[in-house]
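To keep things clear, I will list the structure first and then write my remarks on it.
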Amino acid sequence: MIRIERISKAFGGLQAVRDVSLDVEPGSITGLIGPNGAGKSTLFNIIAGLIPADTGRIYLEGQDITGRRPHRLFHQGLVRTFQVPHEFARMTVRENLMVVPPAQAGENLLQSWFRWEKVRRQESAVRDRAEDVLEFLSLDHLADERAANLSGGQKKLLDLGRTMMTDARAVLLDEPGAGVNRTLLGKISDAIQRLNRERGYTFFLIEHDMDLIAKLCNPVHVMANGGLIASGPMAEIRQNEEVREAYLGGGVSATMGASE
Amino acid sequence: MEISGIAAYLVSFFTFVGIYAILALGLNMQWGFTGQFNIGIAGFFAVGAYTSAILTTPESPWHVGGFQHPFLVGVVGAVIASALVGLLIGAITARLRTDYLAIATIGIAETLRLVIANEGWLTNGVRGMSNIDRPFSDFFQAIGLSSAMGSLIVVAAFLAGVYFLVERARQSPWGRVLRAIREDEPATAAAGKNIGRFRLEAFVVGSAIMGLGGALYAHYFGFLSPEAFLPLYGTFLVWVMLIAGGSGNNKGALLGAVVIWTIWSGSEFVMSAGLPEGYTGYAGPLRVILIGVLLQVILITRPEGILPEKAPRAIAKGRRG
Amino acid sequence: MTDVYILIELLQLSIYGIVLGSILTLGAIGVSMIFGILRFAHFAHGDLITVGAYVGMGFLMMTHAPVWTALPAGMIGAAIVAVLIDQTVYKRIRRTQPVILLISSFGIGLILRSLVQVIWGPNVYSFPGGIQRPWMVWELAIIPNHLWILLAAVVIVTALHLFLTRTRIGKAMRAMSDNMDLALVTGIPAERVIMITWLLGGALAAGAGVLLGMDSRLTPTMGWNILLPVFAAAIVGGIGRPYGAIAGGMLIGLAMEISTLFLEPSYKPAVAFLIMVAVLIVRPQGIFKGAW
Amino acid sequence: MSLLQANDIYGGYGGADILNGASVRVEDNEIVVIIGANGAGKSTLMKAVFGLLHVRSGQVLYRGEDITNRKPEQMVGRGIAYVPQEHNVFPSLTVEENLEMGAFAIKGDLRPRLEKVFSVFPRLRERRRQDAGLMSGGERQMVAMGRALMIDPKLLMLDEPTAGLSPRLIDDTFERIREIRSLGIGVLMVEQNAKQALGVADRGYVLATGANRFEDTGKNLLDNREVAEMFLGG
């Protein structure tokens, strides 16, 4: 689904990502873990078109998408969420969702002015879709609330909900569990699994909560010091000596010689 | 003052309110909806006013023209010309932060003012352009109304039209995207919206509305000179109106125009009555100070204005009502 | 023959350009410092320039002191005005978005301009000294005041440089401009540094105002009229980098004066604006790289 | 009386709490390290203690005085210095100016203090006139720690001092931290390099989901099999 080919990126003297290649299989929930500063977020931002890679290519379903701008990636079926939820604070929860669907007639100002009936009809369908998503996420009671008033976890759900307002095929999740309490965490992981099963979404996610990773992801890729050091099911990853070293520090393996 | 004097005053009062309300609506589209900072409203206002004046006035030895097109052609020309200026500024500053947009807009406004003052062949410079006809004055005379009253009716009609369009734009998915951009750009981009396009559209449409305001002003006032486009009248009052009324809220823009114009023109009476002989020259600056202080008080105590922004009423019902 | 004539003309205009540039520099450094620390474009800066010029002139009218004393008097006056504005208005809205400060400063500018009109009337003033007979050096006319202006600007900028590099509070200003959060955890008292920033910004603006007044005349809109070139200088130099403002000021000043070879002199501000726009398009971070 | 005692801290950014009752204690002349998986709330706890993050409930005591939710300025005034993980130097200031900023509030001659810092980090003496922005990651970390030492702190708080450093520099950094302790300073640090950090630490805390999971001497934690397991969940 997503193919990452030999991506490298340096910031000044720091090699943030070094020669990483991996595949995210269609229909999978693929995890990416690693200690702080391992380069996970940089890799994500490169895929999402926020920062350019120094070398390497990214493919989405075989198509080269290296360096595409975020809004274009969206139209090719690749959407993302943010580690810190980005809600449209002074808009209602429902509006937050209704913004998303692409190619709304009403996004054309002239159509909004002069083809009002058409716009309304579409708007009605978009609204139905938003209501469905809210129900799916059990946020329906908050539809008319300003998004600013949601809790951190609810905002994360809303972020996930926005990805459901489109026919996304691949979703990048940046720490869906960060700052979320246990109850909501369960909801979020259920939603991810259901979206994966029922709608065939492919997920690629960064997460620090190992239990969540173990529950959701197969396979899991591990990064440390910018490089990929292990891949496989979580059970195997746990036994991997190099991974243990990376997390606990101390011993330095050949792939991990960090630069100054 | 006799009745007819009061009536004449009220006509002029509401005509100005109407013109300023149009400017405030244009600014609301740029600032209120999208968060774009245009501090050169006077420039767009001037482009509209002079374009319409040049297109419609009779031949004059003092400046280009003599086209004598009808009023509506002047208005359309004004809208197109100011939209083009907006397109130029918007395209240049699209990727820059707000401060640069602000400086660029003020730069274009001041530059335009220099052009108007210096290019006599085009605008008759500081001596100004006159003989700009009021709209449809023959028609209004035929039905027994003064040309001033006719102007008020025309301004009111245009205001109604602009309000309708701007409010519809706000309620529409288009306006929703603008508000999303204002709230959070990265998330709007991640939702697949081409931020640059939406922002430019809002800026251009807002500029066009300001140009329309300029054309209406030219035809009501009948005379144009660079003095009218000082930042005080053209820009500052409009900003205070929108902030006081409630930016993001179109009703707030209307209300702000009424309230601030009342204070502004009311203060003229108070000061000319209250200031001692020989000090009447101070009335102008004192009024500016009054409005300036009012702005600071609003920003400190009630930055959301008299009518805070509310989520627009849903334009379509879902299954669940 | 004509070639020599053009060369002389060019040199003559360059002298004017350097003089104008040094005035713009003083304004632009203030704009840049305020932007570096408070992150907003201060639109009342032009009118602060006007206030400084009028206070300096007012001081002369009251005391009949020598002309040069207008400079320190204006600087002190405008510095106090700047701090008062910050304490009564800007301080209260600093926590909101910086763009609100921008709107506010636009209004403050109009208030200052009107206050100048109320206090000193709409008349045009000039500093005493009358018309000066220029010295002729080769074919170039050098007006004595221009020398003084240049000298004063050099002294002020040097003093500022020493302040920023030699005093603890000056270094703290640079530190805050570098990284506000780190400055806070380091224990640098932000409010005090901000106050000093306004003091300096106001004083520098007044410096520009008095020197501008010496070069031409005092009008209530004198500062507003050079606000655009001042911003242009700050942006060309890289906004938030006061040392860049020196280069930016000189470049804009020279371009404005030399443009009069081809253009109506009244278009000078437009020339500054066009250069600024060109810089914004090509290099939004300004031409002159390098930190403070 | 302990040098620092943070009891049962709750707090976070905006909505949800990240800290759910975390506690930590530091004695004089002691190196205390906080370890834990990513996202466990280690850095958040440091920020909460230093007043950079609102403590919703709980108490921070410094030599018995309640300093909960005080401003950083007041913390520094009491002799607590904090070194953030990233962006921890003023890039356009020289090394010496950076150090001077650390002692902003202190009147009088700074030279003795500078000398003290240079004795811990001799390299900084050589480069005192250089802009900090032009230095390598390791040197910047020295500048940052040196700046914190300028107030003669009683308590030094370090947020991941070895992040992004090469193995050689990591060793060196831990060596310096030991040296700092020998100056009579209590050190509280958050670390990713858990093994090495526990090696130099007198005591350690293991945090998980914003609360204490283990607390013991550095050595005991190192030997604890459960701690190792914890990092990879399960």
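Tabulated data
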read-out	value
Subset of B:K193/B:K317; D:K42/D:K219; A:K187/D:K219 violating a 30 Å alpha-carbon distance limit	A:K187/D:K219
Of the trypsin sites (Lys or Arg not before Pro) in segment C:42-98, those whose Cβ has at most 13 other Cβ within 10 Å and which sit in DSSP loop	C:R95
Partner chain coverage, peptide A:104-116 - average Cβ within 10 angstrom	6
Order by protection proxy (mean Cβ within 10 Å, highest first), peptides C:205-213, C:31-39	C:205-213, C:31-39
Cα-based reach from A:K9 at 22 Å (exclusive), listing lysines while leaving out same-chain residues under 8 positions away	A:K40
Order of exposure, largest accessible area first, which applies to A:H86, C:H45 with probe 1.4 Å	A:H86, C:H45
List D:D172, B:D138, ordered by accessible area with a 1.4 Å probe, largest first	B:D138, D:D172
Where D:D109, D:D216 fall by accessible area, highest first, once all protein chains stay in place (1.4 Å)	D:D109, D:D216
Relative contact order [Cα under 8 Å, 6+ residues apart], chain A, whole percent	27
Computed E for D:N29/B:V293 - FRET, C-beta separation, R0 45 angstrom, nearest 0.05	0.15
Electrostatic dipole magnitude of the protein assembly as shown [Cβ: Lys, Arg +1; Asp, Glu -1; Cα centre; debye, to 20]	680
Check: segment B:3-229 dipole with +1 on Lys, Arg Cβ and -1 on Asp, Glu Cβ, in debye	580
Chain C, relative contact order in percent, only Cα pairs under 8 angstrom and at least six apart counted	36
Calculated [θ] (222 nm, deg cm²/dmol) that DSSP helices of n ≥ 4 give over the protein assembly as shown, each run adding -39,500 (n - 2.57)	-18000 deg cm²/dmol
Nearest-10 value in Å² for the accessible area of A:V84, using the 1.4 Å probe	100
Theoretical FRET efficiency, 1/(1+(r/R0)^6), r = Cβ-Cβ of C:L151 and A:L110, R0 51 Å, to 0.05	0.25
Calculated SAXS-style log₁₀ I(q)/I(0) at q = 0.13, 0.17 Å⁻¹ - segment B:3-229, Debye, Cα scatterers	-0.76, -1.15
Inter-probe distance in nm under a simple model that places probes 7 Å from Cα toward Cβ, at B:S272 and B:F139	3.3
Degrees between helix B:71-93 axis and first principal axis of chain B (Cα, 0 to 90, nearest 10)	50
Excluding exposed DSSP-loop trypsin sites (Lys or Arg not before Pro) (at most 13 other C-beta within 10 Å), longest clean stretch of chain D	D:1-106
Cβ-based charge dipole, chain C, positive-most Cα from C:G107, C:V271, C:M222	C:G107
Amide H contacts of D:V187 (H built 1.01 Å from N, under 5 Å, at least 5 apart or other chain)	D:E30, D:I31, D:V32, D:L156
0 to 90° range, to nearest 10: angle between helix A:116-136 axis and chain A longest Cα axis	50
Extended-chain gain in nm, criterion 0.36 nm per residue less alpha-carbon gap, B:W62 and B:K310	84.3 nm
Shielding by partners, peptide B:18-24 (average Cβ within 10 angstrom, other chains)	0
Sites excluded, GluC sites (Glu not before Pro) in DSSP loops with at most 15 other C-beta within 10 Å, longest stretch of chain B	B:120-276
Given charges at Cβ of Lys, Arg, Asp, Glu: segment B:3-229 dipole, positive-most of B:G65, B:V154, B:P173	B:P173
For B:W239, solvent-accessible area (1.4 Å; no DNA, RNA or ligand), Å²	10
Rounded, prolate or oblate (a/c below 1.5 giving rounded, otherwise prolate when a/b exceeds b/c) for the protein assembly as shown by Cα gyration tensor	oblate
Degrees between helix D:137-149 axis and first principal axis of chain D (Cα, 0 to 90, nearest 10)	90
Positive-end residue of B:S4, B:N124, B:A202, charge dipole of segment B:3-229 with Cβ unit charges	B:A202
Cross-link partners of D:K154 among lysines (Cα-Cα below 17 Å; sequence separation of 8 or more within a chain)	D:K116
Contact order normalised by residue count of segment B:3-229, Cα under 8 Å, 6+ apart, percent	39
Alpha-carbon centroid distance for the pair segment A:104-183 / segment B:172-232, whole angstrom	27
Check: chain C dipole with +1 on Lys, Arg Cβ and -1 on Asp, Glu Cβ, in debye	980
Cα centroid separation, segment C:40-59 to segment C:116-142 (Å)	18
Cα gyration tensor shape of segment A:88-149, rounded if a/c is under 1.5, else prolate or oblate by comparing a/b with b/c	prolate
Accessible surface of C:V282 - all protein chains present, 1.4 Å probe, nearest 10 Å²	110
Cα gyration tensor shape for segment C:1-50, rounded if a/c is under 1.5, else prolate or oblate	prolate
Number of partner chain Cβ atoms within 10 Å, mean per residue of D:155-165	2
Partners for B:K310 among aspartates and glutamates (Cα-Cα distance below 15 Å; same-chain residues under 8 apart left out)	A:E95, A:D144, A:E145, B:E167, B:E183
Separation between Cα centres of segment A:1-71 and segment D:49-104, rounded to whole Å	36
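The values are calculated or read from the model by the stated rules, or taken from the named source; none is laboratory data. On a predicted model such as this, the values are computed, not experimentally measured, just so you know. Quick reminder, even Gly has a Cβ in these numbers, built from the backbone with ideal geometry, and neighbours come from all protein chains shown. Ligands, DNA and RNA are excluded from the accessible area calculation, which covers all protein heavy atoms including side chains. Shrake-Rupley method; radii C 1.70, N 1.55, O 1.52, S 1.80 Å.
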